[in-house]
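Quick notes on the structure that follows.
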Amino acid sequence: QVQLVESGGGLVQAGGSLRLSCEASGRTFTRYYMAWFRQAPGKEREFVAGISMSGGTPAYADSVKGRFTISRDNAKNAVYLQLNSLKPEDTAVYHCAARAFFQSNDDSQYTYWGQGTQVTVSS
């Protein structure tokens, strides 16, 4: 069982930055591939970024590549998402998610989810 709690969302102007954090409970954090998804009003949830168990080979959606950076600290059972050069279209609820071992961009493949943190980017 893994519980995920996100924090760090907020209201920011276009071009600004935020850093999202996701803290995980449990002692098996290193067995999980971690990802961030987001869901904007009226839209389907979409993959944003993911990172392997060791912290290597990050994966990004094309829409955020070069602007967002995912990282993890296994000693702290935490995963982070640095959001730079934010755009109004980045406005969404951001969720972290965990699945055992392997990478996936498909949200149906993830077992554990956080409650989400709101990111709002004003123009």
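The values are calculated or read from the model by the stated rules, or taken from the named source; none is laboratory data. In this text the structure is predicted, and so the values were computed from the model without any measurement. Note: ideal-geometry Cβ built from the backbone for every residue, glycine included; neighbour counts use all protein chains shown. These area figures cover heavy atoms from the full protein model, side chains too; ligands, DNA and RNA do not enter into them. Shrake-Rupley method; radii C 1.70, N 1.55, O 1.52, S 1.80 Å.
When you go through Arg38, Arg19 one by one, which is the residue that is farther than 21 Å from Asp107 by Cβ, touching a residue at least 40 places away in the same chain (Cβ under 8 Å) and either open to solvent by 30 Å² or more (accessible area, probe 1.4 Å) or part of a strand (DSSP E or B) (or both)?
Arg19
Scan the stretch 97-123 residue by residue and report those that are out of contact with any helix residue (DSSP H, G or I) (no Cβ under 8 Å at 6 or more places or on another chain), open to solvent by 40 Å² or more (accessible area, probe 1.4 Å) and not in a loop (DSSP other than H, G, I, E, B).
Answer for the stretch 97-123, where residues must be out of contact with any helix residue (DSSP H, G or I) (no Cβ under 8 Å at 6 or more places or on another chain), open to solvent by 40 Å² or more (accessible area, probe 1.4 Å) and not in a loop (DSSP other than H, G, I, E, B): Asp107, Ser108, Gln109, Tyr112, Trp113, Gln118, Thr120.
Here is a yes/no grid of residues against (1) of a type in the set (D, E, K, R); (2) more than 12 Å from the chain's Cα centre (by Cα); (3) over 19 Å from Phe101 (Cβ atoms):
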| residue | (1), (2), (3) |
| --- | --- |
| Trp36 | no, no, no |
| Gln39 | no, no, yes |
| Glu46 | yes, no, yes |
| Ala61 | no, no, yes |
| Gly66 | no, yes, yes |
| Lys76 | yes, yes, yes |
| Tyr80 | no, no, yes |
